[in-house]
Amino acid sequence: MYPDIDSTLFPFSNGWFRGFLSRYKISLRSITNKAQKLPADYQILILNWLRFNRRNSQPHPANFWEVAVDHPVGRYELANICNLDETPIPFEYLQGKTYNKEGEKTIRVKETRSGWDKRQATLVLCIFADGIPRVPPMVIFHGTGVRLQAERRCNNRDVLVEFNPTAYMNDRLFTRYISQYLIPVLEGRPTLFALDLMGLHKTPAVLNLLHQNNITPSLIPGGCTGLVQPLDVSVNKPFKELMQDLTDEQIFQLESVAEFEKWMVGDRRVMTTECVGDAFRQFHQEKGEVIRCSFWKVGLSLPIDGCLDHELAIKGFKNLEIGDWREESGSQDERAEVGNDADSDIELVHT
């Protein structure tokens, strides 16, 4: 109503905003509806995964007491317990909701450019149990990137940028990612590497590369990533929210410049790398404890003697006990509903 007035002159509280919505009959309306159903029971799958991690964390018998006393987590340093995940990020953050008058059946929203809410890239994050950033984030865009040298020079230097026709991680890129960016920061120490059960994460080439570098792949059972993967449990959602805030802020600043004409795809890619880099740095600075707690809650960084297993906090399970890590609980609970048939036959790799 007052576009020419400095917005900083109008601070308001949440209570005022709720009253404003009520007075003018405005509510938060859904543009689209999405339904997700969580699995009913994955207890056996998760228990086997927890015991696999506990079993592989045990020190070698020759130096058991030396390691056990100085390293409660076992043979892995916190700096060598990590989790990797790939998640899509859009060019346009239209979350499916906007404020509008009550009673209207058609809810419209303005896009920066048509189709950009569907144009996606892949964000690859790798985090560590001590909350310290070691491997830079990677963004994979559509295309070849052959004629984009000028654009590459504008990208955030703290972000790895790749291009391929699918804008998705593939075998070749994943192997290069491990070799060039992950292995060098591990300094040859034993490492527990938690990642989901994707096909490219368990190819013979990848498993051999991990084995040669003393890295134990902890493959999370299919359908359970939302329950026990640290990135899915506590990081991806707030990280994307931070990215959205930074993106909205940059869009507002750039579109406020008088000589701004329109967005080009290259401009948006460069801005995406800037926002990813800023979000990654800011998240680790301000929410490092969230990362550390996430590894702790799902059991990846708990002491191996079981003295704090009561602090396991896996969604949907109460009083879950790892118990004797020497035992297997069977491949799958008969009552469990595994959504992805391809992932139901779990083979955990022992190194």
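The values are calculated or read from the model by the stated rules, or taken from the named source; none is laboratory data. Please read these numbers as outputs of a predicted model, since none were measured by experiment. Neighbour counts run over all protein chains shown; Cβ positions are idealised from the backbone, glycine included. Only protein heavy atoms, including side chains, enter the accessible area calculation; ligands, DNA and RNA are left aside. Shrake-Rupley method; radii C 1.70, N 1.55, O 1.52, S 1.80 Å.
The table for this structure:
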read-out: Segment 159-195: number of residues that are in contact with a Ser or Thr (Cβ under 7 Å, 6 or more places away or on another chain), within 11 Å of residue 86 (Cβ to Cβ) and open to solvent by less than 20 Å² (accessible area, probe 1.4 Å); value: 2
read-out: Index of the failed condition, residue 112 passing every other in (1) among the hydroxyl-bearing types (Ser, Thr, Tyr); (2) touching an Asp or Glu at 6+ places or on another chain (Cβ under 7 Å); (3) at pLDDT 65 or above; value: (3)
read-out: Considering residues of segment 299-351 that are outside any loop (DSSP other than H, G, I, E, B) and modelled with pLDDT of 50 or more only, the residue least open to solvent (accessible area, probe 1.4 Å); value: 309
read-out: Residue list for segment 153-162, filter: within 17 Å of residue 123 (Cα to Cα) and more than 20 Å from the chain's Cα centre (by Cα); value: 155, 157
read-out: Number of the exception - residue 133 against (1) at pLDDT below 95; (2) part of a loop (DSSP other than H, G, I, E, B); (3) not charged (D, E, K, R); value: (1)
read-out: Cross-chain or 6+ apart pairs with Cβ under 9 Å, segment 274-291 first and without any contact (Cβ under 8 Å) to a residue 12 or more places away in the chain and surrounded by 15 or more Cβ atoms within 10 Å (Cβ to Cβ), then in a loop (DSSP other than H, G, I, E, B) and of a type in the set (Lys, Arg); value: none
read-out: Identity of the residue in segment 136-158, touching a residue at least 60 places away in the same chain (Cβ under 8 Å), part of a loop (DSSP other than H, G, I, E, B) and in contact with a Lys or Arg (Cβ under 8 Å, 6 or more places away or on another chain), that ends up most open to solvent (accessible area, probe 1.4 Å); value: 158
read-out: Contacts under 8 angstrom Cβ, first residue in segment 233-252 being in a helix (DSSP H, G or I), partner open to solvent by 40 Å² or more (accessible area, probe 1.4 Å) and of a type in the set (A, V, I, L, M, F, W, C), 6 or more apart; value: 234/290; 234/293; 235/290; 238/290
read-out: Scan of segment 243-271 for residues that are open to solvent by 10 Å² or more (accessible area, probe 1.4 Å), of a type in the set (S, T, N, Q) and modelled with pLDDT of 85 or more, ordered by number; value: 244
read-out: Matching residues in segment 213-242 - criterion: being under 21 Å from residue 169 (Cβ atoms), out of contact with any Ser or Thr (no Cβ under 6 Å at 6 or more places or on another chain) and open to solvent by 20 Å² or more (accessible area, probe 1.4 Å); value: 213, 223, 225, 226, 237, 240
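Residues checked against (1) charged (D, E, K, R); (2) modelled with pLDDT of 80 or more; (3) exposed (fewer than 11 other Cβ atoms within 10 Å of the Cβ):
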| site | (1), (2), (3) |
| --- | --- |
| 8 | no, no, yes |
| 12 | no, no, yes |
| 19 | no, yes, no |
| 23 | yes, yes, yes |
| 28 | no, no, yes |
| 32 | no, no, yes |
| 35 | no, no, yes |
| 38 | no, no, no |
| 45 | no, yes, no |
